[in-house]
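K.L.:
First the structure, which I've put down as structure tokens, then a few questions once you've had a look.
The values are calculated or read from the model by the stated rules, or taken from the named source; none is laboratory data. Note that this is a predicted model, so its numbers are computed, not measured. Here the Cβ positions follow ideal geometry from the backbone for every residue, glycine too, while neighbour counts run over all protein chains shown.
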Amino acid sequence: MSLFEVVQRQVRQRGMVPKLVKSLPHISLLLVILSFVWITMLPMAGQFRHTYISENALMPSQAYSFFRESEWNYLRGYREEIYRHDKATLLERNAMVKEWLGEIGYKTAILNYTEPLTGIEKPTLYAIYHAPKGDDTEAMVMVAPWHTKEGEFNLGGAALGLSLARYFHRMSIWAKNIIVVFPEDGQDTLRNWVNSYHTSLDQTGGSILSAIIMEYPSGGDSVDYIELEYAGLNGQLPNLDLVNTAIMVADHEGFRVSIHKAPRGQLWANDYGSRLTTLVQAVLDYGTAGILPPPGSFGGNGCEAFSGWNIQTVTLHAVGKGERDITTYGRVVEAIFRSVNNLLEKFHQSYFFYLLLGPQSFVSIGTYLPCAALVAAAFVVAAVSVLLNNANINNSGLQLSTFMVAPSSSKVLIVSMLSFLATLASSVTVCLLLSKISSHHSYSVSSDLFYHDLTYRYCIIPATALCLLPVVTSYFVKMRASRFINDVARFLYSFSLYCFAFTLVAMMLLHFSLSALVALAALPLTFIRYGPASNKHNRLKCAMWLFISSPFTWIFALGIMSKTNFQLDRVRNLVQYFRYGLLQREIQNVIDWMQDTSLHEILNGPVNVLYGLISGYWRFQNWTWFFLSISWIPAWLSALFVSCFDVRSADYDVSEEKKNE
Amino acid sequence: MTNIDIMTAETRTKYPTLSAPTSNPKLVWLVIMLGFALRLLVPVFIPGVTRVLDQSVLFSTPINSFRSLEEALFLSFNNMNPYHEGEIVHHPPLVLELFKFLESPIPMNIFLALMDSFCGIQLIKLNKKLRDHDNDRSYYPDYVIAAFYSFNPLALLTVYAKSTNTINNFVFLTALNAFASNPLGLSCMVLIAVSAYLSYYGWYFIIPMLLFAYKKASKEGRGAGNIVFKSIFTFLLTLMVLLGISYKISGSSFRFASLVYGTIVRFRKITPNLGLWWYFFTEIFDAFSQFYLGIFNLYSFIFVVPITMRFIGSEDSSIIDAIFTVWSQVGILNISRAYPTIADNNIYFSMMILFKPLYRKLKFAPSVSTLAMFTILLLLPVFYYVWMGANSGNANFFYAIGLTHTLIEMVVLSDFFWSKLQLNYYKSKGIDPNKKELKLTQI
């Protein structure tokens, strides 16, 4: 305590308090830079850890897998039959597969599902094998969607699903039930099945421990490597043990595993560059998980469908043609099932929060959380800085004093608080309204004028036009110079930044990636300075910051990016092995791509993203859009209002009063 | 000296109207009625609010849960004795008897809203008494207290959760009021006995009250020992009567005592809550649970006597010191009681406003500590969800944020202690506390 006193006295005697207060904006920026440094340090040796299996019961790859040549014959047979019927309707295909599964000995059922907006029927076939030795309370799920996320017919996957089902039924080792599901796609249809399973289905097999989604679109026998996807909705990830098991098993069978879109050339790499790329891509993938394109247009990773029900899910996507064959892929699935079958309890490794840097390295929450905490802290510091009059552009020479910091009257507090609440309420209302609209209007994938209009004419263009408001108002909004206006601007701005920081902190734990991405995208909000209407230069700067930090700008950017073939790995390649030839080639690639794609197709990207956001809740219980509506959008709107205020220096009243005295 | 300090004084002289105690009874009543309407109408129009809040560990513990009360009511309406069947109800039998009358939603809403509005009125009365006694203009005017309590989110949420703690809060505040108007009287002892009957911890407060009564009586030359004896006798007699009636109506059995008080003292229902206890009673620490039980019970009581001695021990201690001591006791109990809820936080933070004169010597302005408190209170459900809802966190997450919550409460409390000690020192030396030349340092 006495040390604290000594420090406090020294700080006061040296007059450091005003200096410290003046430098708060720089401190805020410094925190953000520190956060960047932190994230770039994570892939360095010593900062991350090797993955390991924490639950001993799992014992991955400890048993010999028998899914080999003799099963291959069945697989070929099933594939041949499905191939012959690939033009058949879903109903016919389901009836055929249902009959086969019934013959094997599964209890089969069909869940009827009509897409609520389009009215297309997409029944889901599922079959349950009640393990004779088990206690019939837990189940493992194998999903073979008829179409992969790219929209290809999942020929190999469906055949694998059937032959594995047949093979599993002959084994006597199962302690948990096995459920095989054949949905039309891994998106809304599968989600509907999962929801119904937990609410209304008659045929069930107990609580689902894990789910494996198989995507094997090729009709051939050879596979090159496996792409593993695992990111769930709302920042939920499967337990690291399941991911580790899948990777270890695949490794054991000779597969390389690609995570987060790592291309073939990077599968053997384990250097700083590759780890950093995977890390950044992981943050992007987690943050945008669940912003799914409209039903029928495919996309997503399959894991979203199981999110929220405490089911550990991974998607195994077979890529390319190589030395491994389709039964090797089948053995991977078999081995994962046998590992999960060994579990005596639920998955309980300490890691539900992690970032993978590669298939076999990860950082845990304690190590990466400070990076989001630093950005959120930057917003808190910015809020304090605004409160201490730093955001008023006239106040460069202002002395810090309690008189300047305290509100001039309680009316100020009430007015600023009410205006913030009004912003919040209107933002939430509009966001809920958009969400409501999306649940009433169907979306046709090819050309949708309604959502095109909604996205551009009612969201992106008006929001961008609003950014110019500070400049426009500078010509005709003149306010009487008063302390009251300054204080309202100050408190409104400070309070909105504080609330934004608070929502970021609350989100940090639930959904690290979303919190970090939103914080970085909205960072320019802290640079805004309000001032008199005569200061046109400042107003222009405000408009620029508002544009950069606008949620709709970022939705637009994200949409465009989703339609380009942008790969983070190519940037890494360019930076790591920089040559002019390489740069030229990349630029040529971009030019070629731009010539090949139509503008209309690219502009469809933001429409998809906005639809994914606003329909997220009622389709998938994904609350990214609600989070934006209570955090980013009100903060942005408040900053917009504040920058339109015509504000003089905060000591205006003081000098007036002094004159009067 | 920096600008900050000088400006504080300047502001105070410049804006005397801000803190001058103006009394406007009409305004006060209007605010209280608004608060009452808010308490009454929200649960009427949004009946789901109770269910949502009652499922949150912040508002409901096994001891005060509305769900268990409903269960008990159901049992007793079906001619079963809830104090004989199972271990669901931990409400005192008389509370259960009371709620039998208020079984339908509307009377119950009216009753709880009334109780909580009365809490606000009691706070206003208490504030008035302290202000008159101290003759200090820096106390808040009545309407501020009324507005503060009427629109206090903690109080509102407590009522919406239909927490039975509201009744205890009212009884406790009434007891304090009775004590403030006549420290030697017996009415406060009766009320404190009721509070002890309702919540067990109430009896801690008779210690500062008795010491103060003893000091005051001996100073006035009245039979101090006699008064203390009479007070203790009244307290025990009331408690006996209440327990006796409870014994009778719960089917002539003392099982209710074990259910109501035994559960608290022995921490028999191990569920996560805002407090410090539950984590130490998880299965891993099973071997030590008896030890922890002793330590935690001791911990909740151990500060009562020293703090009483420190603030009431001196000759010139006033009623304000006594109220402050009781309030600090409430704060310590918030940290150390077995099943704390937001309702306990509510009474503590609502009473903070009574000690306005102490604000000037605080290290952290009340606005800062309130903001910190609300931030943590909003984070608590998030951490609970990560553990229980999303299943991605574990008990450590929730306990960690609970610890932070406790830490802030402790910092606020010790800050008030420090401010009180400084002001007492200035008073004893006859120094004007507003003088800037002097600064006490904590070593």
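K.L.:
Tally the residues that are loosely packed, with under 12 Cβ neighbours inside 10 Å and among the β-branched types (Val, Ile, Thr), restricting the search to region A:84-97.
P.N.:
So the answer is 1.
K.L.:
Filter region B:394-443 for residues that are in a loop (DSSP other than H, G, I, E, B) and away from every other protein chain (no Cβ under 14 Å) and give the result.
P.N.:
B:Gly430, B:Ile431, B:Asp432, B:Pro433, B:Asn434, B:Lys435, B:Glu437, B:Leu438
K.L.:
Something else: So if I check each of A:Pro18, A:Pro43, A:Pro25, which one is out of contact with any Gly (no Cβ under 8 Å at 6 or more places or on another chain), surrounded by 16 or more Cβ atoms within 10 Å (Cβ to Cβ) and within 14 Å of chain B (Cβ to nearest Cβ)?
P.N.:
A:Pro18
K.L.:
Could I ask something else about it? Hey, can you tell me all the residues within region B:192-226 that are hydrophobic (A, V, I, L, M, F, W, C) and more than 19 Å from B:Thr308 (Cβ to Cβ)?
P.N.:
Scanning region B:192-226 gives B:Val194, B:Leu198.
K.L.:
Looking at region A:462-471, is at least one residue more than 14 Å from chain B (Cβ to nearest Cβ) and polar (S, T, N, Q)?
P.N.:
Yes, region A:462-471 has at least one match.
K.L.:
Look at B:Leu184 and say whether it is surrounded by fewer than 19 Cβ atoms within 10 Å (Cβ to Cβ), among the aliphatic types (A, V, I, L, M) and in contact (Cβ under 8 Å) with a residue 40 or more places away in the chain.
P.N.:
For B:Leu184, the condition - surrounded by fewer than 19 Cβ atoms within 10 Å (Cβ to Cβ), among the aliphatic types (A, V, I, L, M) and in contact (Cβ under 8 Å) with a residue 40 or more places away in the chain - is met.
K.L.:
Would you say A:Glu115 is surrounded by 15 or more Cβ atoms within 10 Å (Cβ to Cβ) and modelled with pLDDT under 90?
P.N.:
yes
K.L.:
What do you reckon, is A:Leu568 within 19 Å of the chain's Cα centre (by Cα) and touching a residue at least 60 places away in the same chain (Cβ under 8 Å)?
P.N.:
Here the answer is yes, as A:Leu568 does meet what is asked.
K.L.:
Output the residues belonging to region A:48-83 that are part of a loop (DSSP other than H, G, I, E, B), hydrophobic (A, V, I, L, M, F, W, C) and buried (at least 18 other Cβ atoms within 10 Å of the Cβ).
P.N.:
A:Phe48, A:Phe67
K.L.:
For region A:84-99, give me the residue count where each residue is in contact with a strand residue (DSSP E or B) (Cβ under 9 Å, 6 or more places away or on another chain) and either part of a helix (DSSP H, G or I) or of a type in the set (A, V, I, L, M, F, W, C) (or both).
P.N.:
Total meeting the criteria: 8.
K.L.:
Go through region A:457-505 and give me each residue that's touching a residue at least 24 places away in the same chain (Cβ under 8 Å) and among the aromatic types (Phe, Trp, Tyr).
P.N.:
A:Tyr475, A:Phe484, A:Phe491, A:Tyr493, A:Phe495, A:Tyr498, A:Phe500
K.L.:
Restricting to region A:466-494, count the residues that are surrounded by fewer than 15 Cβ atoms within 10 Å (Cβ to Cβ) and not in a helix (DSSP H, G or I).
P.N.:
Matching residues across region A:466-494 total 3.
K.L.:
Please give the number of the condition B:Thr341 fails out of (1) surrounded by 18 or more Cβ atoms within 10 Å (Cβ to Cβ); (2) of a type outside the set (Asp, Glu); (3) within 11 Å of another protein chain (Cβ to nearest Cβ).
P.N.:
With respect to (1) surrounded by 18 or more Cβ atoms within 10 Å (Cβ to Cβ); (2) of a type outside the set (Asp, Glu); (3) within 11 Å of another protein chain (Cβ to nearest Cβ), B:Thr341 is out only on (3).
K.L.:
Can you confirm whether B:Phe383 is closer than 29 Å to A:Leu504 by Cβ and within 14 Å of chain A (Cβ to nearest Cβ)?
P.N.:
Against the criterion (closer than 29 Å to A:Leu504 by Cβ and within 14 Å of chain A (Cβ to nearest Cβ)), B:Phe383 qualifies.
K.L.:
Which helices (runs of 4 or more DSSP H) sit wholly inside region B:216-322 and have at least 3 residues that are surrounded by fewer than 16 Cβ atoms within 10 Å (Cβ to Cβ) and free of Cβ contacts under 8 Å to residues at least 12 places away in the same chain?
P.N.:
Of the helices (runs of 4 or more DSSP H) lying wholly inside region B:216-322, those with at least 3 residues that are surrounded by fewer than 16 Cβ atoms within 10 Å (Cβ to Cβ) and free of Cβ contacts under 8 Å to residues at least 12 places away in the same chain span B:224-249, B:289-302.
K.L.:
Another one. Can you name the residue in region A:284-316 that is under 16 Å from the mean Cα position of the chain (by Cα), part of a loop (DSSP other than H, G, I, E, B) and closer than 24 Å to A:Glu345 by Cβ and, of all such residues, is farthest from the other protein chains (Cβ to nearest Cβ)?
P.N.:
Among them, the one singled out is A:Ser307.
Matching residues to (1) without any contact (Cβ under 8 Å) to a residue 24 or more places away in the chain; (2) of a type outside the set (A, V, I, L, M, F, W, C); (3) surrounded by 18 or more Cβ atoms within 10 Å (Cβ to Cβ):
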{"position": "B:Leu41", "(1), (2), (3)": "yes, no, no"}
{"position": "B:Ile46", "(1), (2), (3)": "yes, no, no"}
{"position": "B:Val57", "(1), (2), (3)": "no, no, yes"}
{"position": "B:Ile63", "(1), (2), (3)": "no, no, yes"}
{"position": "B:Arg67", "(1), (2), (3)": "yes, yes, no"}
{"position": "B:Met80", "(1), (2), (3)": "yes, no, no"}
{"position": "B:Ile106", "(1), (2), (3)": "no, no, no"}
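K.L.:
Residues to consider are A:Glu152, A:Glu115, A:Glu99, A:Glu103; find the one that is within 30 Å of A:Ser70 (Cα to Cα), among the acidic types (Asp, Glu), in the same structural domain as A:Leu233 (by TED's automatic domain parsing) and touching an Asp or Glu at 6+ places or on another chain (Cβ under 9 Å).
P.N.:
Of the residues listed, the single one that is within 30 Å of A:Ser70 (Cα to Cα), among the acidic types (Asp, Glu), in the same structural domain as A:Leu233 (by TED's automatic domain parsing) and touching an Asp or Glu at 6+ places or on another chain (Cβ under 9 Å) is A:Glu152.
K.L.:
If you don't mind, there's one more thing I want to ask. Considering every residue within region B:425-433, establish whether at least one is touching a residue at least 12 places away in the same chain (Cβ under 8 Å), among the aromatic types (Phe, Trp, Tyr) and in contact with a helix residue (DSSP H, G or I) (Cβ under 6 Å, 6 or more places away or on another chain).
P.N.:
No; the residues of region B:425-433 include none that is touching a residue at least 12 places away in the same chain (Cβ under 8 Å), among the aromatic types (Phe, Trp, Tyr) and in contact with a helix residue (DSSP H, G or I) (Cβ under 6 Å, 6 or more places away or on another chain).
K.L.:
Counting residues that are more than 27 Å from the chain's Cα centre (by Cα), which strands (runs of 3 or more DSSP E) fully inside region A:105-149 reach at least 3?
P.N.:
Hits in region A:105-149: A:107-111, A:124-129.
K.L.:
Oh, and also: Answer yes or no: is there a residue in region B:355-362 that is of a type outside the set (Asp, Glu), within 30 Å of B:Ser56 (Cα to Cα) and crowded, with 16+ Cβ neighbours inside 10 Å.
P.N.:
no
K.L.:
Taking the condition assigned to a helix (DSSP H, G or I), under 18 Å from A:Ser638 (Cβ atoms) and either within 14 Å of another protein chain (Cβ to nearest Cβ) or touching an Asp or Glu at 6+ places or on another chain (Cβ under 9 Å) (or both), does A:Ala501 pass?
P.N.:
Yes, satisfied.
K.L.:
Condition test on B:Tyr348, is it touching a residue at least 60 places away in the same chain (Cβ under 8 Å), more than 14 Å from chain A (Cβ to nearest Cβ) and not small (Gly, Ala, Ser)?
P.N.:
The answer is yes for B:Tyr348.
K.L.:
Which condition does A:Ala159 not pass, out of (1) part of a helix (DSSP H, G or I); (2) over 19 Å from A:Arg84 (Cα atoms), if it passes all the others?
P.N.:
In the conditions (1) part of a helix (DSSP H, G or I); (2) over 19 Å from A:Arg84 (Cα atoms), A:Ala159 misses (2) alone.
K.L.:
What residue, of A:Ser401, A:Ser416, A:Ser385, A:Ser435, is within 11 Å of chain B (Cβ to nearest Cβ) and either surrounded by 17 or more Cβ atoms within 10 Å (Cβ to Cβ) or more than 30 Å from A:Phe620 (Cβ to Cβ) (or both)?
P.N.:
After applying the criteria, what remains is A:Ser401.
K.L.:
Need at least 2 residues that are among the charged types (D, E, K, R) and at pLDDT below 85 per element, so show me which helices (runs of 4 or more DSSP H) inside region B:1-69 make the cut, counting only ones lying wholly within it.
P.N.:
B:3-14
K.L.:
Also: Anything in region A:505-521 that is more than 12 Å from chain B (Cβ to nearest Cβ) and hydrophobic (A, V, I, L, M, F, W, C)? List them, or say none.
P.N.:
Scanning region A:505-521 gives A:Leu514, A:Ala516, A:Leu517, A:Val518, A:Ala519, A:Leu520, A:Ala521.
K.L.:
Quick test for you: out of A:Val194, A:Val223, A:Val181, A:Val249, pick the one residue that is at pLDDT 90 or above, in the same structural domain as A:Ala318 (by TED's automatic domain parsing) and under 21 Å from A:Leu58 (Cα atoms).
P.N.:
Going through A:Val194, A:Val223, A:Val181, A:Val249 in turn, just one is at pLDDT 90 or above, in the same structural domain as A:Ala318 (by TED's automatic domain parsing) and under 21 Å from A:Leu58 (Cα atoms): A:Val249.
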